[in-house]
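Read through the structure below, which is laid out as structure tokens, and then see the notes.
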Amino acid sequence: MSVHSIATQRFFRKAFAIIFGVVLGLLLTEYCFVLYDKNAFPHVNFYKHDPVLGARLIPNTTQKFQLVPNPITTIHTNSQGYRGNEFLAKAKNEILVVGDSQVFGLGVEDDETFSSVLRKLLKRSVINAGIPTYGPQEYMVVAEEFLKKRKPRYLFFTINYANDAFEVKRPNTKRHKIWDSWAVRIETAPKNVFRFPGRNLIFRHSHIVYHFRRVYYYLQKPKPQSLPSEGTWTDLLEEHMFNGRILTKIQTLESKEKVLQESRIGPQDIVHSQYSEAARPIEYTSQEIDKAAKELQIIDKKLSQLKKHRIALEKKVYSHTHDRSVFDGTLKRLKKLGKKYYVTPVVLILPLDVQVSAKEWKKYKIHKPIDMKPTRILLARVARNARRLQIPVINLTRTLAKASPGAFLDHDLHMTPKGHKAVAQTLAKFIKRWEGWK
């Protein structure tokens, strides 16, 4: 054997030993991280891109999920990409539930979601069509997909006020992007991704990659507390924004009125006592008085017109904003959807955990908690406007308050099995009363 061939063999042996050592080291490191994470992730990692909805869930998938320090749960999707087992056969009294991660049931087992518990209580088909990242626009699309195929009797349209108020006019395609089967905010998604065989498998399932991304994120400074795609407080009042020009006009009219009011007083100064010593001709004085009187008549007329204009504009603003809700357009579309497919729409209103109880602030370690009771008016307004459209509505604030403490996960706003059970029991009572009344 030549010296060259021996050197070549040694090179390949060393290269193999190095590669084997690196791979073995990575596998051992991955195993350690899997043990550390208990093979669970705190986010859903089986999304796929959808051009209309922004995202869908990959069918027939299983994932261990944990929002620390809460218990580990297991998520399963059926052949259609929805939570839980395969759907039961079509039935006339079927219930369809649409919503986001609260309906989906992040943090609880498949059989602990309120849809699953409701199915057991009523012994009928209940479809859990909740998908994380979705908002009201996506609920409508999903609802119509099912209504065309299955013809359920009830459509439970779940409004999760924690997210939906900010997302009602912002589609998911403008909020999220799918990155290696993870759903990330569109602002944080990479513009270009280097593709290679096995990338999705590694970046989706690897705990090393996940922790590396976490470290990379926390090293970035400064980190924004919120992103534009998540919305702001103005989204909650967006239905009033079109009145901005009208309000500006009112302010302008009010300022003009003030000027005219001052002008109305001004002409009287020419006959003030201080001028009596001037001893100017009576004709001149009379002319000035006459001019003042005529000007005063013109000012009074303008002032009257401005007042009428301002009052009319104020009435217009009041008629547009009084009792309005950011969900009014959604409720009207829901009403039309019910008529089109002969289904009974029911609005479910899910509050934030801190709207239910101020004690929930403790788990977030907030030193100066906000009193959220006044914000319940936003929920009440949605409920009131739904009833005006003759849509049955269930505000779940009291239900979850009665189930508290323990209705929500620790350090998170999603419901616990106890919270889901309480919601299911309330819905079951509603269905029984509704069908008994009908």
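The values are calculated or read from the model by the stated rules, or taken from the named source; none is laboratory data. Being a predicted model, the structure only gives us computed values, none of them experimental. Don't worry about glycine lacking a Cβ; one is built from the backbone with ideal geometry, like all the others, and counts go over all protein chains shown. Quick note on the areas: whole protein, heavy atoms, side chains included, nothing else; ligands and nucleic acids left out. Shrake-Rupley method; radii C 1.70, N 1.55, O 1.52, S 1.80 Å.
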Provide the per-residue ³J(HN,Hα) series for segment 411-427, in order, calculated from phi with Karplus coefficients 6.51, -1.76, 1.60 and θ = phi - 60°, each as a whole number of Hz, with x at glycine and proline positions. 6, 7, 8, 6, 7, 8, x, 5, x, 4, 5, 4, 5, 4, 5, 5, 5
Quick check: pseudo-label points 7 Å beyond the Cα along Cα→Cβ at D410 and V141, how many nm apart are they? 3.8 nm
Going by accessible area, probe 1.4 Å, with all protein chains left in place, what is the ranking of S101, S304, largest first? S304, S101
Distance (nanometres) between label positions extended 7 Å along Cα→Cβ at L28 and S79: 4.5 nm
With the crude spin-label approximation of a point 7 Å out along Cα→Cβ, what separation in nm comes out for R384 versus R185? 3.3 nm
What are the GluC sites (Glu not before Pro) within segment 127-214 that DSSP puts in a loop, where the Cβ has at most 13 other Cβ atoms within 10 Å? E187
For segment 320-411, the dipole about the Cα centre with charges only on Cβ (Lys and Arg +1, Asp and Glu -1), to the nearest 20 debye, works out at 340 debye
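How much length, in nm to one decimal, is gained on full extension between K120 and A7, taken as 0.36 nm per residue of separation minus their Cα-Cα distance? It would help to have the intermediate numbers written out before the result.
Details: separation 113, 0.36 × 113 = 40.68 nm, distance 7.17 nm.
Separation in residues times 0.36 nm, less the Cα-Cα distance, equals 33.5 nm.
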Backbone HN-Hα couplings from phi across segment 181-192 [Karplus 6.51/-1.76/1.60, Hz, Gly and Pro as x]: 6, 9, 9, 10, 4, 4, 6, 9, 6, x, 6, 10
Using the alpha-carbon centroid of each, what span in Å lies between segment 395-436 and segment 74-92? 22 Å
Part-to-part distance (alpha-carbon centres) for segment 121-147 and segment 335-378, which is given in Å: 18 Å
Which is farthest toward the positive dipole end of segment 65-157 among G135, G107, I95, measuring Cα position about the Cα centre, with Cβ charges +1 (Lys, Arg) and -1 (Asp, Glu)? I95
